[in-house]
Amino acid sequence: MGSSELAFQLASWPARRWLAGLGASLVVALLLGVPTDLVPTPLFQRMSPIAWWDYPIWAASAVVAGLVVATYVGEGRAPEGGKLSAGGLLSYLAVGCPTCNKLAVLALGTGGASSYFAPVQPFLGLLGLGLLAVTLAVRLRGLAACRVEPSLSR
């Protein structure tokens, strides 16, 4: 699917699909942003400073995940977990505080989480975004291939 076909596919979406995508993007943004303290709340406190790339990875992940969820509007079924969940998890790990990640601290210690896990976080974010983008491309291809035109005769 080329970029012009992708643009046509997105332009043909009904308003309810766009609204669902917007709502899903906001939910994903909160699910990623609140526990990682990118959205400041009294619920969580980050131990390490926010990196410059945390915000673009967070925003892009929320938008692409919202678009993926929107591809399911009107189909009468819930989104499948697979790549959407993996992409979201990698995005969460990418923007989270390395010393707040209990698994990283358990495996590497506090110093190791800062020294070894923190430098790979941008790559985790790119990998997560890549999985989300592949999921979106597959879903859009499927929607284009399975398009059903309404019949004029009854």
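The values are calculated or read from the model by the stated rules, or taken from the named source; none is laboratory data. Everything numeric in this text was worked out from a predicted model, so none of it was measured. A quick note on method: Cβ atoms are made from the backbone with ideal geometry, for glycine too, and the neighbour counts reach across all protein chains shown.
Can you pull out every residue in segment 1-31 that is among the β-branched types (V, I, T) and loosely packed, with under 13 Cβ neighbours inside 10 Å?
Step one: filter segment 1-31 for residues among the β-branched types (V, I, T), giving 27-28.
The answer is none; no residue qualifies.
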Might you let me know whether segment 5-21 holds any residue that is at pLDDT below 90, in contact with a Lys or Arg (Cβ under 8 Å, 6 or more places away or on another chain), part of a loop (DSSP other than H, G, I, E, B) and not hydrophobic (A, V, I, L, M, F, W, C)?
-> no
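So which residues in segment 23-57 are acidic (D, E) and in a loop (DSSP other than H, G, I, E, B)?
D37 - this is the single residue of segment 23-57 that is acidic (D, E) and in a loop (DSSP other than H, G, I, E, B).
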Which number in (1) small (G, A, S); (2) within 12 Å of the chain's Cα centre (by Cα); (3) surrounded by fewer than 20 Cβ atoms within 10 Å (Cβ to Cβ) marks the one condition that G74 misses?
-> (2)
Of all residues making up segment 30-42, the number that are in contact (Cβ under 8 Å) with a residue 24 or more places away in the chain and either over 23 Å from A104 (Cβ atoms) or over 12 Å from the mean Cα position of the chain (by Cα) (or both) = 4
Output for Cβ contacts, cut-off 8 Å, separation at least six or different chains, first residue under 20 Å from W13 (Cα atoms) in segment 43-69, second modelled with pLDDT under 90 and outside any helix (DSSP H, G or I), reads V68/P79; V69/P79
